[in-house]
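The values are calculated or read from the model by the stated rules, or taken from the named source; none is laboratory data. Given the structure is predicted, the values throughout are model-derived calculations rather than measurements. Please note: Cβ atoms are built from the backbone with ideal geometry, for glycine as well, and neighbour counts cover all protein chains shown.
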Amino acid sequence: MSRNDTEAARDNSNKDREVHSFMEVVAWEAEQYAAGHTSPMSPLLEEIEKYTLTSTDYPSMLTGRVEGRFLQLIVSLSGAKNIIDIGTFTGYSALAMAESLAGDGKILTIEHNPANADIAQAYFNRSPHGAKIELRQGEAIDILKSLPNNRYDLVFIDADKSNYLAYYQESMKVLREGGLILADNALWYGRIFDPQDEESKAMAAFNEEVNNDNRVEKLFLTLRDGIYLIRKALQQSS
Ligand SMILES: C[S@@+](CC[C@H](N)C(=O)[O-])C[C@H]1O[C@@H](n2cnc3c(N)ncnc32)[C@H](O)[C@@H]1O
């Protein structure tokens, strides 16, 4: 391809981007394609997804198949056994991770909305993996602060955006060395590029803090609404 051809192709692809990425950071077609090429989830998780999409006020809060399968693979591949799930909602992420967790593994899932907690607990009670999940109702920051340090293998952050930085700081305390943090909605629908409202500013500040933190390895994934995958570094022995 000549230089002019290359530039013409780049111009065309920029036009394409203007047309297709007005609101969605990751194209809807790509999302659908990804879901269609990802293993289906268990019947109970599919039921939770259907219920959440049809019967709750905020169905977009659900992680869903692609992210759920990603969480399951991370749990399996990392061998995580002590997990914290911040933001239970209808129970999808907690149950997805529980299904991939070893029999002696535990998930602490945190939810401050009693109605959501009741819905999630009813699903956990129906699952053979439900006994691995402890649901605690309350403010996530208070519960995180009450947990022992250097104990947990993985934290999934998926609650109120204005507290992400506080959740990150507390997660760094409770995680063991080499432990993982996965922060959902790191793209925040693209609003982090030019943050205007408080939540978007908080998400942009959170992303910058992680990026500048030399205690961690990080990988910013553009999966769904963005997942910041963060690993607490191992201490160097001198
Ligand atoms: C995006 S949803 C979580 C989605 C869930 N992880 C899933 O896989 O479907 C966020 C949840 O966090 C809860 N939440 C928001 N702020 C909270 C807080 N300060 N403490 C505890 N839970 C909170 C909300 O009530 C909501 O159920």
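State which residue is nearest to L71 (Cα to Cα) when the search covers only segment 221-236 and only residues that are charged (D, E, K, R) and part of a loop (DSSP other than H, G, I, E, B). So the residue we want is R224.
Which is among the hydroxyl-bearing types (S, T, Y) and within 17 Å of L223 (Cα to Cα), of S76, S60, S127?
S60
Where residues in segment 117-127 are more than 18 Å from L144 (Cβ to Cβ) and in contact with a Leu (Cβ under 9 Å, 6 or more places away or on another chain), which of them is surrounded by the most Cβ atoms within 10 Å (Cβ to Cβ)?
Step one: filter segment 117-127 for residues more than 18 Å from L144 (Cβ to Cβ), giving 118-127.
Next, from what is left, pick out any that are in contact with a Leu (Cβ under 9 Å, 6 or more places away or on another chain): 120-121, 123-124, 126-127.
On the way: A120: 26, Q121: 17, Y123: 20, F124: 22, R126: 11, S127: 19.
Checked segment 117-127; the qualifying residue surrounded by the most Cβ atoms within 10 Å (Cβ to Cβ) is A120.
Residues in segment 64-99 that are within 25 Å of K173 (Cβ to Cβ) and of a type in the set (S, T, Y): S78, T88, S93.
All of (1) free of Cβ contacts under 8 Å to residues at least 24 places away in the same chain; (2) out of contact with any Lys or Arg (no Cβ under 7 Å at 6 or more places or on another chain) hold for E217 with one exception: (2). So I86 clears everything in (1) modelled with pLDDT under 95; (2) within 11 Å of the ligand (Cβ to nearest atom) except one condition, right? Which one? For I86, the exception is condition (1). Residues in segment 98-151 that are out of contact with any helix residue (DSSP H, G or I) (no Cβ under 7 Å at 6 or more places or on another chain) and hydroxyl-bearing (S, T, Y): S146 alone.
Considering only residues in segment 59-81 that are without any contact (Cβ under 8 Å) to a residue 12 or more places away in the chain and within 12 Å of the ligand (Cβ to nearest atom), the one that is farthest from F156 (Cα to Cα) turns out to be P59. Note on segment 96-116: residues that are more than 11 Å from the ligand (Cβ to nearest atom), of a type in the set (D, E) and buried (at least 16 other Cβ atoms within 10 Å of the Cβ) amount to 1.
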